[in-house]
2 protein chains.
Amino acid sequence: MPQNQVIVLAARPQGAAGPEHFRLQSQPTPDLQDGQVLVRHHYLSLDPYMRGRMNEGKSYAAPQPLGEVMIGGTVGEVVQSRSPRFAVGDPVVGMGGWQIYSVVDAEQPGALRKVDTSHVPLSHYLGAVGMPGVTAWHGLVRIIEPQAGQTVAVSAASGAVGSAVGVLAKARGCRVVGIAGGADKCDYVVRELGFDACIDHRAHADAAALSKALKAACPNGIDGYFENVGGKVLDAVMLRMNAFGRIAVCGMVAGYDGQPLPMAYPALILVQRLKVQGFIVSEHIQDWPPALKELGQLVGSGRFRPRETVARGLESAPQAFLGLLQGRNFGKQLVRLL
Amino acid sequence: MPQNQVIVLAARPQGAAGPEHFRLQSQPTPDLQDGQVLVRHHYLSLDPYMRGRMNEGKSYAAPQPLGEVMIGGTVGEVVQSRSPRFAVGDPVVGMGGWQIYSVVDAEQPGALRKVDTSHVPLSHYLGAVGMPGVTAWHGLVRIIEPQAGQTVAVSAASGAVGSAVGVLAKARGCRVVGIAGGADKCDYVVRELGFDACIDHRAHADAAALSKALKAACPNGIDGYFENVGGKVLDAVMLRMNAFGRIAVCGMVAGYDGQPLPMAYPALILVQRLKVQGFIVSEHIQDWPPALKELGQLVGSGRFRPRETVARGLESAPQAFLGLLQGRNFGKQLVRLL
């Protein structure tokens, strides 16, 4: 069996995460048991949820154990198989973690999925046609429930989730307004993704200024908001929500480091009769097939061209992840492991 | 026609409301036109929503006009009629405002409703079997959607809305925990209304202390929360919400005077996948018949004995209203006008 390279959680952050919380190490790959396959990862997915897992204590998922391989989505190729369900050479998506190889119990439902790379590049199964895409679909379709002609806003609009929210909302006849950090991201969101407008939150010092910019971009107010960020951006959007607006809460990246992140104007939930609802995509298994079908068609047909930021080599994963938390990536953050 | 006594909004509060914002005046009662009736009010209802109407600017309802009679629910008796739909002597409920008499266009749908006082005292049509009761019913049944065995919490638990929430939730097999201000109110909530427990928020200095008391009273966490207050109480409850909990936002009395009232832990909406939804009962007309039927049966059978605080005379309305905003009332706050 080949020697493996892995990154483990070395320590839990007290405050901001840093490179000292990760450790790269070599370790042997165990021999396969019956029903297992060996996967050689091509790409590792980096996602904001991983920051929450690094903390101890109450969250929606068990914390990442100390000293064990960091969890994470991966795409790759089956290189050894003792399962009748997978053959050597199969392109697969799974939760292989921050490592070069993974040994997978292939009989466990959902552990590994064979994918079709004839129209969709393998890496997109970690982004637009994977967990982030389904996340976008669920929050938009099930919580925001947009009607044609309504205005939908989304934060982190150039990211893996936000970009899919926008494309899916445009396909439903909505006016779509993004919020992103930086002029280059806003430019991409409008020109390549087809959003109607995008606001650079870095150009606006506080919620009041950002809210004013939103007013100009959303002359009819905001009916649905897909929240990836929290804090100032959420406050600014709430001031622009229409009566009976819906807010799907998918992420609050701004609060992952543990500092309290209050909502400034909760009374607007009453005044505007808003619905504010949190969700986690893994709890909505029934939505994966319809979501992946629609997203696969959008990507396969070229109507949705997701952007990726690709770091090279497993050793680059910690810095790429820390950059993601600060918004330094552009589109889906991946680590190429080949 | 009899001379009328009315209370008008004299000025808009900048900050806390005070007696100087109201003015009592005499004015003639206009002659009836065809289709109109004259109602002699027996009781005026005082409700927290009136404070929001006193402000200028964006809210869910048009502001109370300056110099005009304060809006408000009333019960009374038809004393003159030029409508075939109402006879002299009919007991009626309507929105007569802060005054002794009102002239009502009886043909306008919903303007005036004849009520049955054989089993339910007239005043209860302003409380448990009126707008506050329907408010409780809608938030509980449509937003919280409680299941038998779940835990439901409600703030301002001894008030007109809160007491009905508790009785309706008990009728659905829930564990019901109230939050109220003062030992006497908590005692009433448990002994007379049948709540399982009640916490005196005045005995707990901050959200952390209140949350600890909630933990003891809700050993299985909180599945549904009916919010009448906001601020510290909301923060404390959110720390105890179970996964997939529902929060019906009916009032944020603590914020009516205009000071910002942040929500401390909005990230819990994501972590616990909460649904937080605001509503206004007047927008859910379809719920009034089933709600009034159930509440009328609960009150008529004696299973729900709502408490009232009754001020005497129209001139006492401003002080009674200001007391209501500070929680000095006990149960439904009324003004007796006979």
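Suppose the chain between B:Gln319 and B:Gln3 were pulled fully straight at 0.36 nm per residue; how much longer would it get relative to their current alpha carbon spacing?
This chain segment gains 111.4 nm when fully extended.
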Partner lysines for B:Lys232 [C-alpha distance under 16 Å; skip if fewer than 8 residues away on the same chain]: B:Lys212, B:Lys215
Gain upon complete extension [A:Ala183, A:Lys215; 0.36 nm per residue less C-alpha separation]: 9.6 nm
Once the label point is set 7 Å along the Cα-to-beta-carbon vector, what list of distances in nm do you get between A:Pro30 and its counterparts in the other copies? 8.5
Can you figure out the FRET efficiency of A:Gln147 with A:Asp105, using R₀ = 51 Å and their beta-carbon distance, to the nearest 0.05? 0.70
List every residue whose amide H lies under 5 Å from the amide H of A:Leu9, counting only residues 5 or more places away in sequence or on a different chain, with H placed 1.01 Å from N in the peptide plane. A:Gly67, A:Glu68, A:Met70
Once the in-chain neighbours fewer than 8 apart are removed, the aspartates and glutamates whose Cα is under 19 Å from B:Lys170 read B:Glu145, B:Asp187, B:Glu192, B:Asp196, B:Asp223, B:Glu227, B:Glu294
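State, as an integer percentage, the relative contact order of chain B based on alpha-carbon contacts under 8 Å between residues 6 or more apart. Could the numbers behind the result be given before it?
Working: 762 pairs, mean separation 59.1, N = 338.
Answer for chain B is 17 percent.
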What Rg and what Dmax come out for the protein assembly as shown when only alpha-carbon atoms are used, in angstroms? 29.3, 101
Considering only the label points, 7 Å along Cα→Cβ from Cα, what distances in nm to one decimal separate A:Ala87 from the same position in each other copy, shortest first? 8.9
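Per residue of B:243-249, how many C-beta atoms from partner chains lie within 10 Å of its own C-beta, taken as a mean? Provide the component values of the computation, followed by the final result.
Details: counts 4, 3, 0, 1, 2, 1, 10.
Mean shielding by partner chains, rounded to a whole number: 3.
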With an 8 Å Cα cut-off and a minimum separation of 6 or more residues, compute the relative contact order for the range B:191-338 in percent. 17 percent
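So, R0 is 45 Å and r is the distance between the beta-carbons of A:Ala62 and B:Glu20; what FRET efficiency does that work out to, to 0.05? Present the calculation step by step, with values, prior to reporting the outcome.
Values: r = 58 Å, r/R0 = 1.29.
Efficiency computed from Cβ-Cβ geometry: 0.20.
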Whole-Hz couplings from phi, Karplus 6.51/-1.76/1.60, listed for the range B:326-333; x for Gly and Pro: 9, x, 7, 6, 9, x, 5, 8
Just list whichever of B:Lys114/B:Lys293; B:Lys185/B:Lys332; A:Lys185/A:Lys293; A:Lys185/A:Lys332 have alpha carbons separated by over 20 Å in the model shown. A:Lys185/A:Lys293
Using a ≥ b ≥ c from the Cα gyration tensor of the range A:80-194 (square roots of the eigenvalues), is it rounded, prolate or oblate, where a/c under 1.5 gives rounded and otherwise the larger of a/b and b/c decides, a/b for prolate? prolate
Which percent of Cα pairs goes in each bin when the distances of chain A are cut into 10 angstrom slices starting at zero? 6, 26, 33, 23, 9, 2, 0
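With the Cα gyration tensor of the range B:132-282 giving a ≥ b ≥ c as the square roots of its eigenvalues, does the rule (a/c under 1.5 for rounded; else a/b larger than b/c for prolate; else oblate) give rounded, prolate or oblate? Display every interim value, and only then the final one.
Working: a/c = 1.16, a/b = 1.09, b/c = 1.07.
Rounded shape, in that the Cα axes give a/c under 1.5.
Relative contact order of the range B:65-118: what whole-number percent is it, with Cα pairs under 8 angstrom and at least 6 residues apart? Walk me through the numbers before you get to the answer.
Numbers: 79 pairs, mean separation 18.2, N = 54.
Result for the range B:65-118 is 34 percent.
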What distance in nm separates the two pseudo spin-label positions at B:Ala10 and A:Asp31, each 7 Å out from Cα along the beta-carbon direction? 9.4 nm
FRET E, pair A:Ser301, A:Val88, Förster distance 41 Å, beta-carbon r, rounded to 0.05: 0.85
So in chain B, what percent of DSSP beta bridges are antiparallel if you round to the nearest 5? 55 percent
Put the label 7 Å from Cα along Cα→Cβ for B:Ala148; what are its distances to the other copies, in nanometres, shortest first? 4.6
Please list the non-local residues whose amide H lies under 5 Å from the amide H of A:Gly245, H modeled 1.01 Å from N, same-chain partners needing a gap of 5 or more. A:Lys275
Which percent, to the nearest 5, of DSSP beta bridges fully inside the protein assembly as shown are antiparallel? 55 percent
Checking the range B:53-112 for trypsin sites (Lys or Arg not before Pro) in a loop per DSSP with at most 16 other beta-carbon atoms within 10 Å yields B:Lys58, B:Arg82, B:Arg85
Rg/Rh (Cα only; Kirkwood hydrodynamic radius) as it applies to the range A:1-156: 1.02
Under the span-like rule (Cα at least 20 Å along the axis, Kyte-Doolittle mean at least 0.5), DSSP H helices of chain B: none
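Where Lys and Arg each count +1 and Asp and Glu each count -1, what net charge lies around A:Val120 among other residues with Cβ under 14 Å from its Cβ? Could the numbers behind the result be given before it?
Values: positive: A:Arg113, A:Lys114, A:Lys293, A:Arg303, A:Arg305, A:Lys332; negative: A:Asp116, A:Glu294, A:Glu308.
Residues near A:Val120 contribute +3 overall.
Where a number appears in this text, it was derived from the coordinates with a stated rule and is not lab data. Remember, it's a predicted structure, so these values are computed and weren't measured experimentally. No Cβ is skipped: glycine too gets one built from the backbone with ideal geometry, and neighbour counts run over all protein chains shown.
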